[in-house]
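Everything on this sheet refers to the single structure shown next.
The values are calculated or read from the model by the stated rules, or taken from the named source; none is laboratory data. Only a predicted model underlies this, so the values are computations on that prediction, with no experimental measurement involved. No Cβ is skipped: glycine too gets one built from the backbone with ideal geometry, and neighbour counts run over all protein chains shown.
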Amino acid sequence: MNTDLLSASEIEDRAALFLARRRFEQWGAQDEAELETWLAQSLSHRVAFWRLEATLARTDRLAALQSHLPPAKAPQPEVRNRTALKVAAVVSVMALAGLGTASFFSGDGSKVYSTPLGGHEVLSLRDGSTIELNTNTVVRVDASQRMATLEHGEAYFQITHNAEHPFVLRAPGHVVTDLGTKFLVRSAGEELEVSLVEGMARIEATDEPSQRALLTPGDVAIAVGKKLKVSRKPSVAVEEQLGWRRGVIVFDNTTLGEAAAEFNRYNETKLIVTDPQIAHMKIGATFPARDVERFARAAHVLLGVRLNRKGNDIVITR
């Protein structure tokens, strides 16, 4: 299996499976080696496992759930079903515990922070800087060196400027250096987007020194691989991008396909738009980021589309 293609929910399910096996079944050296190999494959794997492990450690619900499992002498379902039941128990503990932002020290002394799907957290650094994490985001922070690494997701940086020790943000394939700055960074797949709100910042490709730019307020740098393109946006458009800081998503003449994709970043219930014509319909409004139902109803009323349930998802059709 190519683990690079796994979604955040699939990685979390895999982490839950390992933890369920370790808690409920016989666990030997081979199992431990398998877990260590999986954890070594990706920081996302480690964060998902550590976050779940820490949540379980903070609660006493696991023992109560285990006590409801069938006794040893009772008829047992097949192994696959028993494992699924145990994974469900672990996931239930996650939900009951109200999983929020997790933080862990990594091997290099930096600290890793992560938010779950729909999560939002503000980190305050000793120098007065703040880093605000959006949904499903992982960032590594070394406050003593004024450095951070955005592994994936989206974060808003308000940096206290220090000319002698500039703040440096590393993101996939690029480095952003603070020059007295408020900026938004979003990393998704191979694309990195940096929007400057205030001050100045420099962005440069780590392996291509010629690909660099000095950003001023309103500049939006989009990097795909080693290619870097800078454009301008009105300040109001940049502010709309930051709607998630107050729990909303702002759409302004946005296609239905783009709006659905944005909602899917925050919610387990997914919006599915398969018809290209429907996907290109435009909508403009502000919605709570976690209220998929309200958005779907608005699309039905405003655009005349139909809504169909498919499991936990909402399919939008003609």
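If you take the residues of the range 242-252 that are free of Cβ contacts under 8 Å to residues at least 40 places away in the same chain and either surrounded by 15 or more Cβ atoms within 10 Å (Cβ to Cβ) or in contact with a Phe, Trp or Tyr (Cβ under 7 Å, 6 or more places away or on another chain) (or both), which of them is farthest from Y156 (Cα to Cα)? Here the answer is F251. Here the range 1-40 is the region considered, the condition is being more than 25 Å from Y266 (Cα to Cα) and polar (S, T, N, Q), and the residue that is modelled with the highest pLDDT is T37. The numbered conditions (1) loosely packed, with under 15 Cβ neighbours inside 10 Å; (2) within 24 Å of A298 (Cα to Cα); (3) touching a Lys or Arg at 6+ places or on another chain (Cβ under 8 Å) are all true for T255 except (1). Looking only at residues of the range 205-251 that are assigned to a strand (DSSP E or B) and basic (K, R), we find that the one that is modelled with the lowest pLDDT is K227.
Looking at the range 291-308, can you tell me whether even one residue there is over 25 Å from the mean Cα position of the chain (by Cα), modelled with pLDDT of 95 or more, charged (D, E, K, R) and more than 30 Å from G199 (Cβ to Cβ)? So far as the range 291-308 goes, yes, one or more of its residues are over 25 Å from the mean Cα position of the chain (by Cα), modelled with pLDDT of 95 or more, charged (D, E, K, R) and more than 30 Å from G199 (Cβ to Cβ). Checking each residue in the range 270-294 for being in contact (Cβ under 8 Å) with a residue 40 or more places away in the chain and either in a loop (DSSP other than H, G, I, E, B) or among the aromatic types (F, W, Y) (or both) picks out K270, T274, D275, A289, R290.
Residues that are out of contact with any strand residue (DSSP E or B) (no Cβ under 7 Å at 6 or more places or on another chain), without any contact (Cβ under 8 Å) to a residue 12 or more places away in the chain and within 18 Å of L43 (Cα to Cα): does the range 175-188 have at least one? The answer is no, given that none of the residues of the range 175-188 is out of contact with any strand residue (DSSP E or B) (no Cβ under 7 Å at 6 or more places or on another chain), without any contact (Cβ under 8 Å) to a residue 12 or more places away in the chain and within 18 Å of L43 (Cα to Cα).
Taking the condition over 20 Å from V122 (Cα atoms) and aliphatic (A, V, I, L, M), does V224 pass? Answer is yes for this residue. The set of residues in the range 165-204 that are touching a Pro at 6+ places or on another chain (Cβ under 9 Å) and among the hydrophobic types (A, V, I, L, M, F, W, C) comprises L179, L192, L196, V197, M200.
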